[in-house]
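Read the figures in this text as sums done on the coordinates, not as results from a lab. From a predicted model like this one, the values you see are computed outputs, not experimental measurements. We place every Cβ from the backbone using ideal geometry, glycine too, and count neighbours over all the protein chains shown.
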Amino acid sequence: MSTFHSLHYHITFSTKHRKPWIKVDWRDRMHAYLGGIVKEISGVPLCVGGVDDHVHLLVGLKTTHCIADFMRELKGSTSRWVHKEIGYPPFQWQDGYAVFSLSPSAIPEVRRYIENQDEHHRKRTFREELIEMLDRAGVKYDPRYLD
């Protein structure tokens with residue numbers, strides 16, 4: 001029998017100290033690059049979005065993927081790309097990330113959410129957004145580690 005799977009994740013992470021380093025003039029290029037890295041490491045990028053201080057990804061992964069390895073490659077490659085292609089040396093990602101597994105029925109809602117980040121963040125900060133996502137998923141957290 002073959003191995004069948006449906007492994008979809010909503011991933012979000014921020015720039016170091018939530019600095020507004022992701023500039024509008026190259027944001028779309030960075031989102032496309034993130035999607036390309038997901039493909040390069042055998043994932044399926046379903047949606048990539050974000051604003052000036054964080055990104056969201058909706059991805060499909062294989063059973064052989066290790067989330068920690070996937071994230072290390074994704075963040076490291078993107079940082080190198082920003083430094084080399086954009087020429088923005090202060091750019092860094094925060095150390096951590098948030099990842100949530102999704103049922104297939106949640107994919108359209110999460111996609112819409114990611115596609116509307118500009119509108120969404122007129123009303124709330126990334127910290128407020130992250131707390132809501134953690135609470136909604138039942139994830140225990142120490143508020144000291146949210147920044």
Subject >> Scope segment 51-76; condition in a helix (DSSP H, G or I) and surrounded by fewer than 16 Cβ atoms within 10 Å (Cβ to Cβ); matching residues >> reply: I67, A68, D69, R72, E73, G76
Original post:
Do you know which residues across segment 81-97 are of a type in the set (D, E, K, R) and surrounded by 11 or more Cβ atoms within 10 Å (Cβ to Cβ)?
Top reply: E85
**OP:** State whether one or more residues within segment 10-24 are of a type in the set (D, E, K, R) and over 21 Å from Q117 (Cβ atoms).
**Re:** no
Original post:
Just for helices (runs of 4 or more DSSP H) wholly inside segment 98-147: which have at least 2 residues that are without any contact (Cβ under 8 Å) to a residue 40 or more places away in the chain and surrounded by fewer than 15 Cβ atoms within 10 Å (Cβ to Cβ)?
Top reply: 107-115, 126-137
